[in-house]
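Undergrad: Questions regarding the structure given below will be posed in turn.
The values are calculated or read from the model by the stated rules, or taken from the named source; none is laboratory data. What you are looking at is a predicted structure, and each value in this text was computed from that prediction instead of being measured. Glycine also receives a Cβ, built like all others from the backbone with ideal geometry; neighbour counts cover every protein chain displayed.
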Amino acid sequence: MSSTLLFKCPIIIVMIQFTYIHRGGSDSVATSDEKLQGANLVYQDVTDADGLKACLDKIRPDVVISCLASRSGTKSDSFRIDYQATLNGLEAAKSAGSSQFILLSAFCVRKPLLQFQLAKLKFEDALVNSGLTYSIVRPTAFFKSVSGQLELLQKGWPFVMFGDGTMCK
C-alpha cells in the first residue's frame, strides 16, 4: 500500500510518493519523520482528489511542488500517478489559492516512448494551460533508477537502455 507524504514549509507543500518497503535497512515512517524534524508533516492519498483538495484548502500553500512518479511504469500506474494524481494536486492547489505549481518531470519526455513519459506530457499540457504560474523541471536522470540498475548489473543482469543512445541529442 502506498501513501503520499506531504510536508509543509512555511508556505510550500511538497508532494512525494511515500512507499514503505522493508529491505533490511529501509527507513520506516517514524525514521523518515525524524529526518524531517521541524517540518509539519501531513500524509494524504493524492489519488483521492476530494481528500487532497480538503487537505490543501486547510493548509493554503502559496506554492505546490510535485515530485510524484509512478512506481511500475505501466500504463495504468503511469496515468494514475504521473497524470491523474498530479492533476489532483494541481486542481487542489488552484482551489487553495496557490500562486505557483512546480513539477518535477523527466528529461526523457522530449521524445516519449514509454507510458510514464506520455502521462507526464499530458499533465505538463494541463499545467501549461492551468492559469497558474508554473515551472517544469526535467532532470536528466533519477539516481534511484541508475543505482537500481547498478545492483542488477553487479548480479550479471543486462543493462536496460531504450533506443540507440542518440535519443537525448
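Undergrad: Is it the case, given these coordinates, that Ala69 is modelled with pLDDT under 90, within 12 Å of the chain's Cα centre (by Cα) and surrounded by 15 or more Cβ atoms within 10 Å (Cβ to Cβ)?
TA: Values: modelled with pLDDT under 90: yes; within 12 Å of the chain's Cα centre (by Cα): yes; surrounded by 15 or more Cβ atoms within 10 Å (Cβ to Cβ): yes.
So Ala69 passes the test.
Undergrad: State all residues of the range 67-91 that are farther than 20 Å from Asn40 by Cβ and assigned to a loop (DSSP other than H, G, I, E, B); if no residue qualifies, say none.
TA: Ala69, Ser70, Arg71, Ser72, Gly73, Thr74
Undergrad: Please work out if Asp45 is loosely packed, with under 15 Cβ neighbours inside 10 Å and under 19 Å from the mean Cα position of the chain (by Cα).
TA: Criteria not met by Asp45.
Undergrad: In the range 51-66, what residues are outside any helix (DSSP H, G or I), more than 13 Å from the chain's Cα centre (by Cα) and crowded, with 18+ Cβ neighbours inside 10 Å?
TA: If the condition is that a residue be outside any helix (DSSP H, G or I), more than 13 Å from the chain's Cα centre (by Cα) and crowded, with 18+ Cβ neighbours inside 10 Å, then Pro61, Val63 are the ones that fit.
Undergrad: Can I ask one more? In the list Gly165, Gly97, which residue meets the criterion of being modelled with pLDDT of 85 or more, loosely packed, with under 12 Cβ neighbours inside 10 Å and out of contact with any helix residue (DSSP H, G or I) (no Cβ under 7 Å at 6 or more places or on another chain)? Spell out the reasoning first.
TA: Working: Gly165 fails: modelled with pLDDT of 85 or more.
Only one candidate passes the filter, namely Gly97.
Undergrad: Within the range 92-105, can one find any residue that is under 15 Å from the mean Cα position of the chain (by Cα), of a type in the set (Val, Ile, Thr) and in a helix (DSSP H, G or I)?
TA: No - not one qualifying residue is present in the range 92-105.
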